[in-house]
1. Between Asn68, Asn134, Asn53, Asn44, which is among the polar types (S, T, N, Q) and at pLDDT below 95?
2. State whether the residues of the range 145-157 include one that is assigned to a loop (DSSP other than H, G, I, E, B), closer than 27 Å to Ala33 by Cα and under 18 Å from the mean Cα position of the chain (by Cα).
3. Examine the range 42-50 for a residue that is touching a strand residue (DSSP E or B) at 6+ places or on another chain (Cβ under 7 Å), within 25 Å of Asn126 (Cβ to Cβ) and part of a helix (DSSP H, G or I), and state whether such a residue exists.
4. Of the residues that sit in the range 171-184 and are within 17 Å of the chain's Cα centre (by Cα) and not aliphatic (A, V, I, L, M), which one is modelled with the highest pLDDT?
5. Identify, please: which residue in the range 57-71 is in contact with a Lys or Arg (Cβ under 8 Å, 6 or more places away or on another chain) and surrounded by fewer than 17 Cβ atoms within 10 Å (Cβ to Cβ) and is, among those, nearest to Tyr93 (Cα to Cα)?
6. Scan the range 51-78 for residues that are closer than 23 Å to Asn121 by Cβ and among the hydroxyl-bearing types (Ser, Thr, Tyr) and report the count.
Amino acid sequence: MSLFKKFFGTGNDSSDEERESEFNTSPVDSAPADEKFTFNFKKNGGKFLYCENLDEVREQFENILEENDWFESEVVCYEPKLYTLLDENKLTYENPKNPKFLFASCENLIADEGAVLFSSNQIKQNKPNDLPDNIVILATTSQILENKSDGLQVIKKKYDKEYPTNITTIKYFEKAKEEDFLHYGSSAKNLYLLLLEDL
């Protein structure tokens, strides 16, 4: 709509707006899930680090530690499969009193929201507000799914009998610039994602 029509109006404003909205579909909406996730995750304020192999994961993890001066600090981590990376960098994860960050994997990455889906397997019974403000996630490209319901279906199939509890997503990775009712009750996290190519 032209500037003059916005100021002075015309008799058929609504039809102009309808025509505009028909043609203004975002290219992100029709993008593949991995591109959509990357776009939405960055838009939410997440820090995205793509890794082709485990050596790159180690290197990027060390870069994160260096950037934040987290070497030889305490960490929250509930997953024994991740302890090796913490041990290599002299990070303490047993009964941390003052943890600098949470190091975890996730259940899935949700493309349409740019969110990270967790369960009790990664964060126990903690609510997002109870977790440290800084989070480092290790995930794989095969964990990217289109939406939350796809993520819940994968969890249901994966765990069959021992269904995890405390399934939640975190999708705000920076403080809201203004008070926004969409952010109400959610705490922003400084989140780094180490995304390992596995496809």
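The values are calculated or read from the model by the stated rules, or taken from the named source; none is laboratory data. Bear in mind that the values here come from a model prediction, so they are computed numbers and not experimental data. Counting neighbours? That spans all protein chains shown, and the Cβs are built from the backbone with ideal geometry, glycine included.
1. On the way: Asn68 fails: at pLDDT below 95; Asn134 fails: at pLDDT below 95; Asn53 fails: at pLDDT below 95.
The match here is Asn44.
2. To start, the set of residues in the range 145-157 that are assigned to a loop (DSSP other than H, G, I, E, B) comprises 146-147.
Those left that are additionally closer than 27 Å to Ala33 by Cα: 146-147.
From what's left, under 18 Å from the mean Cα position of the chain (by Cα): 146-147.
Looking for residues that are assigned to a loop (DSSP other than H, G, I, E, B), closer than 27 Å to Ala33 by Cα and under 18 Å from the mean Cα position of the chain (by Cα), one finds at least one in the range 145-157, hence yes.
3. First, the residues of the range 42-50 that are touching a strand residue (DSSP E or B) at 6+ places or on another chain (Cβ under 7 Å): 42, 46-50.
Narrowing further to those that are within 25 Å of Asn126 (Cβ to Cβ): 46-49.
Add one more test, that the residue is part of a helix (DSSP H, G or I), and what stays is none.
Scanning the range 42-50, I find no residue that is touching a strand residue (DSSP E or B) at 6+ places or on another chain (Cβ under 7 Å), within 25 Å of Asn126 (Cβ to Cβ) and part of a helix (DSSP H, G or I), so the answer is no.
4. Residues of the range 171-184 that are within 17 Å of the chain's Cα centre (by Cα), as a first pass: 171-176, 182-183.
Remaining after also requiring not aliphatic (A, V, I, L, M): 171-175, 183.
Numbers: Lys171: 91, Tyr172: 85, Phe173: 84, Glu174: 73, Lys175: 61, His183: 45.
So the residue we want is Lys171.
5. Narrowing the range 57-71 to residues in contact with a Lys or Arg (Cβ under 8 Å, 6 or more places away or on another chain): 68, 70-71.
Now restrict to residues that are surrounded by fewer than 17 Cβ atoms within 10 Å (Cβ to Cβ): 68, 71.
Numbers: Asn68: 17, Phe71: 12 Å.
Going through the qualifying residues, I end up with Phe71.
6. 1
Here is a yes/no grid of residues against (1) at pLDDT below 60; (2) more than 20 Å from Glu146 (Cα to Cα); (3) of a type in the set (Gly, Ala, Ser):
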| site | (1), (2), (3) |
| --- | --- |
| Glu18 | yes, yes, no |
| Thr25 | yes, no, no |
| Val28 | no, no, no |
| Ala33 | no, no, yes |
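Residue by residue, here is whether (1) closer than 21 Å to Asn53 by Cα; (2) in contact with a helix residue (DSSP H, G or I) (Cβ under 7 Å, 6 or more places away or on another chain) holds:
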site: Lys81; (1), (2): yes, no
site: Asp112; (1), (2): no, yes
site: Pro132; (1), (2): no, no
site: Val154; (1), (2): no, no
